[in-house]
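Single-structure report; data block below.
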Amino acid sequence: MGSGGGKGTRAVASHDEDTTTLGVEAARLALRSAPAAHAHPDSLWFSTSSPAYLDKTNATAVAAALRLPPEVPAYDFGGALRSGIGSLVSAFGRTDTTLVVAADLRDGLPTSADESAGGDSGAAVLIGSGDDTLADLVATASATDEFTDRWRAPGERNSKLWEERFGENRYLALGADVFTRALSVAGIDASDVGCLIVTGMHARAVTGLRKKLGLDESAIADDLTATVGQSGTAHPLLVLAASLESLSAANTPAGTNIVLVHLADGADALVLRTTTALAQWQPVRPVAEQIAWGADLSYSKFLAWRGQLQPEPPRRPEPARVSSTAAHRSEDWKFGFVGSRDRSSGAVHLPPSRVSMEGGAVDDMEPLAMSDAMGTVVTSTIDRLAYSPSPPIVFAIVDFDGGGRYPVELTDVDAAEISAGSRVEMTFRRLFSADGIHDYFWKARPVRQAATAGADQDKGGTA
Amino acid sequence: MGSHGIRDQVAIVGMGCTPFAEHWDKGLDDLIVDASTAAFTSAGVQKDDVDAFWFGTAQSGMSGIALARPLQLHNKPVTRVENYCTTGSEALRAAAYAVASGAYDVAMAVGAEKVKDSGFQGLNANNPPNDGTARTLTAAAMFSMVAPAYGQKYGVDEETMADVLASISVKNHYNGARNPRAQFRKEITKETARKSPRLAGTLGVFDCAGVADGAAAAIVVRAEDALRYTDKPIYIKALSFAAGSGSGLIDPGYDYTHFPECEAAAADAYLQAGITDPRRQLAMAEVHDCFTPTELVLMEDLGFAERGTAWKEVLAGTFGLHGELPINPDGGLKSFGHPVGASGLRMFFECWLQMRQEAPADRQISTVDRGLAMTHNLGGYPGEMVSFVSVVGTALD
């Protein structure tokens, strides 16, 4: 409201992103940097406090975008800010490979501290066993406590808070308790902790606990609140991924103890120990790199994207709701961006086609997954008249490396930076919503080199 | 197998065309009655003299009843036709084939569209339920990609291209200013065209067809019967149609500088009509100038200019009202707007007026003695298009 204020930045999901698309983005990065043995998870768990759907599972769309086979169970762990850390802890108890995904969009009333301190992020951690893990679980400790510090009634977008000192008092005690117990189980002292991560929505409690635990400053991980903002359910996973990346980049010796403490309706602590594989790890798009890509966003646009401000729309009809039956028939195409390739002519069809455009072969196509293909802009335009939740639409004809052309909307884009020859990659987005049904599909965005623009933070890692 | 055409078998003996405008006081039925009544009068027939009807409308009505009810046709064969922006042309093609087949003696094509009841800008498609992955771009955005592609391929810089496109707009407005049926009746300057607000890519308001309501109608009979209705019938020399497979959208070989569907339709029409040098044999052509780059590219697709040279011909005035080959002497879609079901028949109406030397004096072309005129329609987008071409003439061969 023109008052400015606050230090640092926060990450904002674009108008075409929600927790499901952030989750997809993070999970794609996690799987791309995972050892081959773990690239096909046995389970997918998705946690968020700001789900795109209630009743309907959101993890199914994540699974479809990742093209996980139907045998893979995909479950939501929803609602509470403790669900992300809860699914992470639970996944460690399993013997097979679990893809733990969490994402949140944090809202607050305009100009509130929650609004400016919040952040939007998606994070994914692949949990499995074997000699190729980046870090191994050594110990966990939990403390559950029923008290009302932060709450939100179903249907409301903004949290309410009890008087701050109460929660601070509770969380300091709970955090210190789980920290002590976890270290005891792990058989280490506080001085053996090489990396301490403390997260939670209660900023004073988080800061206070870090101080209270008395670790050396060099062991305290950047909790990303000054850059990404506090991203709720996803935050402990996000900071864990970023910390693993930092330790890997700094060639920290194997055997470093990482302690992750999350404060939410109690406290949870995990002790992880890095392995020799960490130094060799090549993370795709480290968090630090994504933060560096951040672009400025006006406050009015932020409010419009969050539905807090209703700007004048183009005088064009809004799209009709997506047909569930049609969407289900084309699940591979719509969610997975899977086209087809004619076995005889090699012609690539986007969307897939039964009859070939070259040679006319019928039903002689093989599926062709295109979501990871990079492409080059042939020509582009700006549509100032078409319906969009955030006009204007930037649109391009894209030729993919290895064959195939698709005319596609661009996103996370400054129209001025696009010209023939621009390089783009595909990203899973929400095109619009009608009748409460979200239209998920793929868009293209410019391929970022380090230190160019980008608005969101998505991160993955293996642990 | 083969496309043989119906050259000289069918004649247009009466036509009607409403003004194209924002008809706030007229509904679809009013427009249908106005255009049809004018066509009956023009041919000197009553509605009961017509044996069969084809009604073209893209979105304003469903089934033949949308025509039968307002005209109160009793148990006649009435068929609704839809084929994107070529809808009106398709109604005439069907009526002409029906007569040529011998099935009917007198047939009628009516095209009408009530666009301005939607409350939205531009034309809007009512898509069937779908999976939500189809493009939602406007036609303006899809066609806007043609200009830079053409400029790049043929070395036309942005400044020159802007001048070329403005010239097309200025020419069509000049013609429309002389047409009492046109929606826009004001001449414009290149400066006006070039400074207009941008809608898509480099295309401004004056690069885009207007949006109007309108209707037009034609009555066709066997050629040998034509003189019983009028002493100046317009004979059908060719009717051709090409529907693309849509593969241009996903074919890396397509470069957005030409419309293969239009080239194919033109080639077939010229074969049917025996035309070998369209630029010199045609007296005029009505083409689908939905956007200025469309008209530019069509000059090459339809064989009026060599590849890569149309922009020079435009600047030289070749296609002006008194140029070597007048294009859109009625003002085109630019001046008329585009009531989709009516536009194709509106083009025939201009041929009807011009070739019978009944256009207003300040708009009458001087090339009528060549004896042949063309209409061209397209619907869809670059890469995914339908195209219609007709050739009509003043005399039997």
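Please compute the Kirkwood hydrodynamic radius over chain A, one decimal place, Å, based on all pairs of different Cα atoms.
23.0 Å
Do you know the relative contact order of chain B, to the nearest whole percent, from alpha carbon pairs under 8 angstrom that are 6+ apart?
So the answer I get is 26 percent.
List A:390, B:335 from most exposed to least, where exposure is judged by having the fewest other Cβ atoms within 10 Å.
A:390, B:335
How much of the calculated P(r) for the stretch B:309-397 lies past 20 Å, in percent of all Cα pairs?
41 percent
Using alpha-carbon positions, what is the distance between the centroids of the stretch B:161-204 and the stretch A:364-418, in Å?
The stretch B:161-204 and the stretch A:364-418 have Cα centres separated by 30 Å.
I want to check the label-to-label distance for residue A:425 and residue A:226. Put each point 7 Å from Cα in the C-beta direction and report it in nm to one decimal.
2.8 nm
State, in angstrom, two size descriptors of the protein assembly as shown derived from its alpha carbons: Rg to one decimal place and Dmax to the nearest whole number.
Gyration radius and largest Cα-Cα distance of the protein assembly as shown: 33.0, 110 Å.
Identify all lysines with a Cα-Cα distance to residue A:56 below 23 Å; exclude those on the same chain that are fewer than 8 residues away in sequence.
A:334
Quick one: Debye curve from the alpha-carbon atoms of the stretch A:313-451 only, equal weights, vacuum; give me log10 I(q)/I(0) at q = 0.09, 0.10, 0.13, 0.15 Å⁻¹ to two decimals.
-0.30, -0.38, -0.63, -0.83
If you fit an axis through the alpha-carbon atoms of helix A:83-92 and take the longest principal axis of the Cα set of chain A, what angle between them do you get, 0 to 90°, nearest 10?
80 degrees
I need A:177, A:216 ordered by Cβ neighbour count within 10 Å, fewest first.
A:216, A:177
Which of the lysines could be linked to residue A:301 by a straight reach, that is with a Cα gap under 25 Å, when you skip same-chain ones fewer than 8 residues away?
Correct list for residue A:301: A:7, A:160, A:443, A:459.
Which of these, B:216, B:242, B:96, has the largest mean-square fluctuation under a Gaussian network model of chain B (Cα springs below 10 Å)?
B:242
Taking K and R as +1 and D and E as -1, what net charge do the other residues with C-beta under 11 Å from the C-beta of residue B:58 add up to?
-1
Please give the Cα centre distance for the stretch A:119-170 versus the stretch B:375-397, rounded to the nearest Å.
Answer, in whole Å: 66.
May I ask you to list the lysines whose Cα is less than 24 Å away from that of residue B:171, ignoring any residue fewer than eight positions away on the same chain?
B:186, B:190, B:195, B:312, B:334
Could you tell me how many degrees, from 0 to 90 and to the nearest 10, lie between the Cα long axis of helix B:158-176 and the main elongation axis, the longest principal axis, of the Cα atoms of chain B?
Roughly 30 degrees, rounded to the nearest 10.
Taking the inverse of the average 1/r across all pairs of different Cα atoms in the stretch B:148-198, what Kirkwood radius in Å do you get?
One over the average 1/r among Cα pairs gives 11.9 Å for the stretch B:148-198.
Return the percentage of antiparallel bridges among DSSP beta bridges fully within the stretch A:313-451, rounded to the nearest 5 %.
That works out to approximately 95 percent antiparallel.
I'd like the distance between the alpha-carbon centres of the stretch B:288-309 and the stretch A:172-192, rounded to an integer number of Å.
One Cα centre to the other: 77 Å.
So for the stretch B:67-176, Kirkwood radius off the Cα pairs, Stokes-Einstein at 10 °C and 1.306 mPa s: how many µm² s⁻¹?
85 µm²/s
Looking only at Cα atoms, what is the convex hull volume of the stretch B:301-349 per residue, in Å³?
Each residue corresponds to 97 Å³ of Cα convex hull volume.
For a quick check of your reading of the filter: which chymotrypsin sites (Phe, Trp or Tyr not before Pro) in the stretch B:13-119 sit in a DSSP loop and have no more than 15 other Cβ atoms within 10 Å?
B:24
In degrees from 0 to 90, rounded to the nearest 10, what is the angle of the helix A:164-186 Cα long axis to the longest principal axis of chain A?
90 degrees
Based only on other Cβ atoms within 10 Å, what is the fewest-to-most ordering of A:10, B:280?
In order of increasing Cβ crowding within 10 Å: B:280, A:10.
Stick to Cα atoms and the Kirkwood definition of Rh, then tell me Rg/Rh for the stretch A:19-293.
0.94
In Å and from the alpha-carbon atoms only, list the Rg and Dmax of the stretch B:32-126.
Radius of gyration, then largest Cα-Cα span, for the stretch B:32-126: 13.6, 44 Å.
Under the definition of Cα pairs under 8 Å and six or more residues apart, what whole-number percent is the relative contact order of the stretch B:5-103?
Relative contact order comes out at 28 percent.
If you build the convex hull over the alpha carbons only and average its shadow over all orientations, what do you get for chain B? Give it in nm² to one decimal. All intermediate terms of the calculation are to be shown ahead of the outcome.
Values: hull surface 74.3 nm².
Across all orientations, chain B yields a mean hull projection of 18.6 nm².
Readers should treat all values here as calculations from the given coordinates under stated rules, not as data from a laboratory. Keep in mind that what you see is a predicted model, and the values were worked out from it rather than measured. FYI the Cβ positions are ideal-geometry reconstructions off the backbone, even for glycines, and counts take in every protein chain you see.
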